[in-house]
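The values are calculated or read from the model by the stated rules, or taken from the named source; none is laboratory data. Keep in mind that what you see is a predicted model, and the values were worked out from it rather than measured. Cβ: placed from backbone, ideal geometry, glycine included. Neighbour counts: every protein chain shown. Surface accessibility is based on the protein's heavy atoms, side chains included, excluding ligands, DNA and RNA. Shrake-Rupley method; radii C 1.70, N 1.55, O 1.52, S 1.80 Å.
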Amino acid sequence: MSAFTLHDLQCFDAVARTGGFQTAADALHRSHPAVHAAVSKLERQLGLRLLDRSGYRVSLTDAGASFHRRAQVLLQEMHSLQVHAQQLAMGEESELRVVIGDFCPRREVLTMLGAFGSLNPHTRLHLHAEAVGGPLERLLADEADLILHTVNKSDPRLEWLDLCAVPFVPVAAPGFLGFAESKSIRPEQLRPYTQCIIRDTARQANTADYFMIAGAHQCTVADQLMKKEIILQGMAWGHMPRFLVAQELRDGALLSLAGRYLPGSVEELVAARRSDRPHGPAAQRLWTHLQQAAAQLRLPEAL
């Protein structure tokens, strides 16, 4: 059996994943003949028929599927090695871009970041505030090195550190609703009342509704503190991070509307970064710092 090359494996993997030679060529930025020749050469060298070409789309043979599973492990290791080499070759970063999401406990998060800054005076942290889908969009557009927000933990492009759970609760000022508050309020009962929501800073439209009541009048604000003030003034109702309204709920300035039909939610606040990008020494120190500091992170309502 002749030795095969990394290029041959990459071409075979692309065809297996995309189901065609042209789509594989497009994904690899190579020509169709080059990809076809590489896969054919690999089959000859192995003495195996890896692909079934009889259908409209090529598919893996049994031998091809087995070989592909093992090849993916090798290709992933090669990618990790390449990223590691890039990290070793990177110099000390002079700045890191950090995006803080809208429901972060800002004092606690800024305390963590400030402690890192004191220990790393030659690395400047550029802090940005984004809301809803904005933090993730920045990260995936390579406009941020790290975000503090919530993410889809199954996204293979990301790695993350758990920081804390943030409960959200629907609240309103006393007397805002035209009926008695209870634990059985249904969403449709709130349709006549203005709902305050956070403005999404993502440039691309986000399809998630984030507690919005269909058909209700809405007022949008840029941050949670403005949202809280509008709700306190009896101008709207809305879902708030519990830690931001814990005192007001205790003293009766706000009432919880949470119940069977309006249960609220719990968002997982994480630190997240790209798993498919190299990270320099300062970025790695920040990651380690947050990992260690997360164990001491406590939301204000728990103090």
With a bin width of 10 angstrom, please list the P(r) values of the chain as percents of all Cα-Cα pairs, from the 0 bin to the one holding the largest distance. 5, 21, 22, 18, 16, 12, 5, 1, 0
Three-way shape label, region 15-57, alpha-carbon gyration tensor, a/c 1.5: oblate
Positive-pole candidate from Pro278, Ile231, Gln76, dipole of the chain, charges at beta carbon: Gln76
Mind giving me the nanometre distance, one decimal, between the label points for Asp276 and Arg203, set 7 Å out from Cα along Cα→Cβ? 1.9 nm
Scanning the chain for chymotrypsin sites (Phe, Trp or Tyr not before Pro) in DSSP loops with at most 16 other Cβ atoms within 10 Å, what's the longest stretch left with none? 57-178
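At 0.36 nm per residue, and after removing the present C-alpha to C-alpha distance, how many nm does the segment from Glu181 to Ala222 gain when stretched out fully?
12.0 nm
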By how many degrees, between 0 and 90 and to the nearest 10, does the Cα long axis of helix 281-293 differ from the longest principal axis of the chain? 50 degrees
Mind telling me which of Cys11, Cys219, Cys196 comes out most flexible in a GNM of the chain, alpha-carbon contacts under 10 Å? Cys11
Taking a probe of 1.4 Å and leaving out DNA, RNA and ligands, region 20-165 shows per residue an accessible area in Å² of 56 Å²
Work out the length of the dipole vector of region 142-211 about its Cα centre, built from +1 on the beta-carbon of each Lys and Arg and -1 on the beta-carbon of each Asp and Glu, and round it to the nearest 20 debye. 440 debye
Considering only protein heavy atoms, what per residue accessible area in square angstrom results for region 212-282 with a 1.4 angstrom probe? 44 Å²
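Could you compute the FRET efficiency for Ser40 and Arg157, with r as their C-beta to C-beta distance and R0 at 25 Å, rounded to 0.05? Walk me through the intermediate numbers first.
Details: r = 32 Å, r/R0 = 1.28.
E(calc), rounded to 0.05, equals 0.20.
Which GluC sites (Glu not before Pro) from region 202-278 combine a DSSP loop assignment with at most 15 other Cβ atoms within 10 Å? Before the final figure, lay out each step's value.
Working: sites: Glu229, Glu248, Glu267, Glu268; in loops: none.
Nothing satisfies the criteria.
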Between region 228-267 and region 163-177, how far is it from one alpha carbon centroid to the other, in angstrom? 2 Å
Per principal axis, largest first, the Cα atoms of region 144-276 extend in Å by 53, 31, 27
About the Cα centre, charge dipole magnitude for the chain (Lys/Arg +1, Asp/Glu -1 at Cβ), debye: 480 debye
Of Glu137, Glu92, Glu43, the most mobile residue in a GNM of the chain (C-alpha springs, cutoff 10 Å) is Glu43
Of Asp62, Asp145, Asp155, the one that fluctuates the most in a GNM where the chain has Cα springs shorter than 10 Å: Asp62
Length-normalised contact order for the chain - Cα pairs under 8 Å, 6+ apart - percent: 22 percent
Approximate spin-label separation Thr194-Met212, in nm, with each point projected 7 Å along Cα-to-Cβ: 1.7 nm
So for the pair Arg53, Ala294, with labels modelled 7 Å out along Cα→Cβ, what separation do we get in nm? 4.8 nm
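Quick one: with all protein chains in place, what share of the accessible area of the chain is carbon or sulfur, to the nearest percent (1.4 Å probe)? Kindly include the intermediate steps, with their values, before the conclusion.
On the way: 8550 of 16020 Å².
Within the chain, the accessible surface is 53 percent carbon and sulfur.
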Modelled FRET efficiency - R0 41 Å, Glu77 with Thr111, Cβ distances, 0.05 increments: 0.60
Residue (of Ala141, Leu46, Leu96) at the positive-pole extreme of the chain, dipole from beta-carbon charges: Leu46
quick note, the chain, DSSP beta bridge pairs, % antiparallel (nearest 5) is 60 percent
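Taking each pair of different alpha-carbon atoms in region 90-138 once, compute 1/r for the pair, average those values, and report the inverse of that mean as the Kirkwood hydrodynamic radius in Å to one decimal.
Details: mean 1/r = 0.0847 Å⁻¹.
This gives a value of 11.8 Å.
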Which three lengths, in whole Å and largest first, does region 206-261 cover when its Cα atoms are put on their principal axes? 35, 29, 19
